[in-house]
Amino acid sequence: MASLYQQMLHRHMLLSGHTPRAEETLGETAERGARIRAQEIACYRLEARLRKEDQFNRKVEINAELREARAVLAKSKL
């Protein structure tokens, strides 16, 4: 049963754009998927804040945070 669940989880990660790693256990795979999803949500929130902000200096700060968050996301997807 655990093998079936692991196969389903790996397939779900593939469909969502995440490449599962061969050396990961089921728990590690689920944990990494949750971290990736949380980082994606953080990026979406920063993008929304950037769109709503009117002041240029604040936009620059938010944009720097967004670049950093996207770099963390790209690193965690590898």
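Measure nothing but the geometry: give the 0 to 90° angle between the long axis through the Cα atoms of 2-15 and the longest principal axis through the Cα atoms of the chain, rounded to 10°.
30 degrees
Give a residue-ordered list of calculated ³J(HN,Hα) values for the stretch 63-76 (Karplus: 6.51 cos²θ - 1.76 cosθ + 1.60, θ = phi - 60°; whole Hz; x for Gly, Pro).
5, 5, 4, 5, 4, 5, 5, 5, 5, 5, 5, 5, 5, 6
Per residue and in cubic angstrom, what volume does the convex hull of the Cα atoms of the chain have?
77 Å³
Show that you can apply the helix-only estimate: for the chain, add -39,500 (n - 2.57) for every DSSP H stretch of four or more residues, divide by all residues, and state [θ] at 222 nm to the nearest 500.
Mean residue ellipticity, 222 nm, calculated: -28000 deg cm²/dmol.
Every read-out reported here was derived from the displayed coordinates using simple, explicitly stated rules and does not represent laboratory data. Predicted model, so just to flag it, every value in this text is computed and none were measured.
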